[in-house]
Amino acid sequence: MAYEVTATRKRPQDFAKLVGQEFVVSTLENAIQEGRIAHAYLFSGPRGVGKTSSARLLAKALNCERGMSAHPCGECSSCREIANGSSTDVIEIDGASNTSVNDIRAIKEEVLFPPQSSRYKIYIIDEVHMLSTSAFNALLKTIEEPPEYIIFIFATTELQKVPATIRSRCQQFRFQLIPQEIIEGCLKSAAEDLGIEADEDALFWIAKEATGSMRDAYTLFDQVASFSSDHITLQKIRERLNLAGFSKISEMVSLSVTGDTEKTMENLAALFEAGVSAEQIVKDTADFFRTLLLWKNGIRRPSLLGVAESDIPSDLASTLSKEQIEAALKATVDLYRDMRYTLSPRFEVELLFSRFSSLPFLVSTETMMKEIEGMRKGIAEGKVVVKKKVDREIIAPSLPLTEAPKIETAPEKKERVTETAPQETAVEYKNEIPPSPSTEEEEDLPIDKSLLPVLQDELKREGRFAEARCLSAVKNITEKDGRAIFTISQAFHFDALSSSSDIIAGALENVVGAYYPITFLLDDTREEGRKASPKMEALKTVFGGGTIEFKDPEESKLTIKNNVKEKETEDEQSLRIYEADGDSGSPDEDD
């Protein structure tokens, strides 16, 4: 016997075996039992949910030789011919290939002849929305007042394309998507019929990919069974169909969010080398964030989540907020939409996962405004205490405003005459730092790296997960002159923590019981061999508390105490003074 695909082999031959369409089944069975048969039916709904099967079942129920019944025998010649598609009184027409008005005229001529051996002459027109406007208009009068032995059954996946004049002349039945649990049960039964062992997670994945279509589920099941031998597993499906998988995407997103971009890119490269396409990675990533968003909103049903609840990384879901997950999902969907215009899909996917590292620091405008409003109310009600920030006062020298240097020219010799420069002055920095704790208990408070885990727990308790994660880059914590000095090993975390110094200072106060202003220092030892330019060293000296001296411009341009920039040589000074005079000749030439 020739091989028969599962979708055909498992096609229902009775209304009782039509799953997922209880309303349609009950309505048709009651109409058949009471003899209320309409002359035109319109079945609409998604693909592969049983529209054509229901049309054949209705035809069998009306033309069964043992009498019109909701449960035809399936053994008489009429039932067998309808099931095989060879009945002369049940005509199936493909609307996609018979779209012209001439095809409808042929039907109008045929309806004049009664059925040969059956009770009704039934026309089943599939994909009826493909008919032309002229064909629909030619069919109006026929389906409105057909002969008593004629029944039309229309099936379509796009109901909106069927003219309202046609819909108003038909009884409409809307078919629904089949629930995932029912599809899983049908797949399990199909595997048992073939003697194939199938894991539950593999059948769960097939049912999820079918998206409510039973025919799609059976088709995918046949493909998986062909390369799985006698045992269908999810691992075999991922390897043979080149899928990224939920667990792999979850691992890469977790690595990216925690800042381990290097390992994220290595895992991504491994997926590309295994043959997984960029489009498939983006689709699986979008599915991952959709599942995460549903779980964040309290959804726990596996059929809706798409995975078992135990597979969801709860730590990542609790770290990211709802707005951050929505932003990641939108970025992924936008990428899939724009991939047809990209230079390289792989580059776009790598850029997407690289950007996921900034997700913990993403704050929406709405959230920010809510926090500001909450702080404002807390200050007004006295629940929030605003602590005075330690200011660093910079006292700049009061230099007299003078006109630009004047240049006078003697009759015989050019001579540059300038006003006397002010005496040596300096920029002083005055740091107003609150005195260190005076009590013995406060002096003994430990300010070192041992506080780091406790400080991170305190920040997490306050909901500051991003700041707590960034503190993992702290190499050392010291106390100097009443300030807590945090030494950071990475520039990225240094920038993130510098904008949150007040928050971390408040958390530190809750831990040690005393307020310490916080200073963040970036450890540059990791960039050995790279030296800053003299100008940058000069700026570091200025902003670090050094002193700038302004001297006579005749002697030098600028002198800094740490000797970053040295004094000009006499030749350079002579050349500069001469160029200021505006003479185009040589410095040694006479006038």
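The values are calculated or read from the model by the stated rules, or taken from the named source; none is laboratory data. On a predicted model such as this, the values are computed, not experimentally measured, just so you know. The accessibility values were calculated without ligands, DNA or RNA, using every heavy atom of the protein model including side chains. Shrake-Rupley method; radii C 1.70, N 1.55, O 1.52, S 1.80 Å.
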*Heavy-atom accessible area of residue 372 with all protein chains present, probe 1.4 Å, nearest 10 Å²?*
70
*Globularity index of region 5-114, i.e. its alpha-carbon radius of gyration over 2.2 N^0.38 Å*: 1.12
_Suppose the chain between residue 347 and residue 112 were pulled fully straight at 0.36 nm per residue; how much longer would it get relative to their current alpha carbon spacing?_
78.1 nm
*So, how do all the Cα-to-Cα distances of region 15-56 break down into 5 Å bins, in percent, from 0 on up?*
5, 20, 34, 26, 12, 3, 0
*Return one whole number: the accessible area per residue of region 200-329 in Å², for a 1.4 Å probe.*
44
*asked:* Using a probe radius of 1.4 Å on heavy atoms only, what accessible surface per residue do you get for region 1-102? Whole Å² is fine.
replied: 48
*Mind jotting down a quarter of the surface of the convex hull over the alpha carbons of region 223-280, in square nanometres, one decimal?*
4.3
_If I model region 190-297 as equal point scatterers sitting on the Cα atoms and use the Debye formula, what is log10 I(q)/I(0) at q = 0.09, 0.18, 0.21 Å⁻¹?_
-0.28, -0.96, -1.16
*With all protein chains present, how much of the accessible area of region 168-280 (probe radius 1.4 Å) comes from carbon and sulfur, to the nearest whole percent?*
46
*How large, in percent, is the carbon and sulfur part of the accessible surface of region 451-520 at a probe radius of 1.4 Å?*
48
*Inverting the mean 1/r over all pairs of different Cα atoms, compute the Kirkwood radius of region 104-201 and quote it in Å.*
16.6
